[in-house]
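The values are calculated or read from the model by the stated rules, or taken from the named source; none is laboratory data. These figures come from a predicted structure and were not determined experimentally. Reconstructed Cβ throughout: ideal geometry from the backbone, glycine too, with neighbour counts over all protein chains shown.
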Amino acid sequence: MNLLSIDDLTPENIKNLLYIAREALFSSSRLRHKILATAFFEPSTRTKLSFHSAMIHLGGNVIDLPDSSSLKKGESEEDTIRTLSQYADCLVIRHPRDVKGLAKYSSVPVINAGDGSNEHPTQALLDLHTMAMMDKEVLKIMFTGDLYHSRTINSLVKAITKCCNAEFIFTNEINEDLKQYPHLMIDESEIPNYIDKVNVLYMTRPQVERHTDKLVTSNFILTNELVNKMAKDAIIMHPLPRTKELPPEIDTNHRAKYFDQVKNGLYMRMAILGWLI
Ligand code: NCD
């Protein structure tokens, strides 16, 4: 089985993964003698290294496609994936356009670590894990930034819709995928009027590397003044990396959960690897 999209998961799959991550039901020898290969055709810090760390925590090993691979000699991406799948029990692939197409060339399970503006299912699961820790009956989530290109928001909205009750507020231009979900659409200038009504503020950076197809500007910058208007138990999330939309002055506020997300990413990826491999 592959994990290429949230569509590959049933609500029960998602609930089980959340349960395993939350209860930390891990054995340090579960993936002994197993090998994970990572192939990233786009930059990454957290996604790649959390997969490496997760695999090592479970007793397995990792190999990573180096910058000096034979892609430099003109070898195709398809042959590269075919080759990696001879050496590993699972592949994690990030690509600026297409992971689904490449997964066809693998003989072992493939995990999508981000494919252009499309999906980022493991980020959605770790985000959901972070939200689930709040123990709220209904989640009211406001999304800010470049919603049009954000694969993390695409996958997260899909995942939430599959397994919990939520209300979405979108604050900037959205893509066709997001339009199908019930939501309230407001302008960025109205964020101060709604920020006290949500329990999650989910921020994203402008995805400038994808602005070749469409420029999406966002002028929203979070301030302490706005944060102090939020409910006491509301949280601020961001998949990171951040740019100027989320200034470091917010980091000491108890609502800032973006580095908890980073840690939760390790647990969720341990749950995912243990399950898929
Ligand atoms: C996100 C991504 O790659 O889509 N980063 C991540 O995986 N934590 C968000 C982003 O790059 O803005």
Handout entry: Given (1) in contact (Cβ under 8 Å) with a residue 40 or more places away in the chain; (2) away from the ligand (no atom under 16 Å from the Cβ); (3) of a type in the set (A, V, I, L, M, F, W, C), index of the condition F40 fails
Key = (2)
Practice task
Please verify whether the range 196-210 includes one or more residues that are within 16 Å of the ligand (Cβ to nearest atom), surrounded by 20 or more Cβ atoms within 10 Å (Cβ to Cβ), in a loop (DSSP other than H, G, I, E, B) and without any contact (Cβ under 8 Å) to a residue 40 or more places away in the chain.
Solution key: no
Exercise for the section: Look through the range 85-135, keep the residues that are within 16 Å of L36 (Cβ to Cβ) and of a type in the set (D, E, K, R), and return whichever of them is nearest to the ligand (Cβ to nearest atom). Expected result: R94
Exercise for the section: Filter the range 257-277 down to the residues that are more than 16 Å from the ligand (Cβ to nearest atom) and buried (at least 18 other Cβ atoms within 10 Å of the Cβ), then identify the one that is farthest from the chain's Cα centre (by Cα). Expected result: I277
Practice task
Please go through the range 78-93 and pick out each residue that is surrounded by fewer than 18 Cβ atoms within 10 Å (Cβ to Cβ) and either under 21 Å from A24 (Cβ atoms) or touching a strand residue (DSSP E or B) at 6+ places or on another chain (Cβ under 8 Å) (or both).
Solution key: Y87
Practice task
Scan the range 43-71 for residues that are in contact (Cβ under 8 Å) with a residue 24 or more places away in the chain and assigned to a loop (DSSP other than H, G, I, E, B) and report the count.
Solution key: 6
Practice task
Go through the residues of the range 64-72 one by one and say whether even a single one is more than 30 Å from S150 (Cα to Cα) and not polar (S, T, N, Q).
Solution key: no
Fill in the blank from the handout: Listed by first then second residue, the pairs whose first member lies in the range 72-84 and is in contact (Cβ under 8 Å) with a residue 60 or more places away in the chain, whose partner is of a type in the set (V, I, T), with beta carbons under 6 Å and at least 6 positions apart or on separate chains, are none
Exercise for the section: Name, by its number, the condition in (1) farther than 22 Å from T47 by Cα; (2) at pLDDT 95 or above; (3) assigned to a loop (DSSP other than H, G, I, E, B) that does not hold for P192. Expected result: (3)
Practice task
Return yes or no: is K244 in contact with an Asp or Glu (Cβ under 6 Å, 6 or more places away or on another chain), assigned to a loop (DSSP other than H, G, I, E, B) and over 18 Å from T130 (Cα atoms)?
Solution key: no
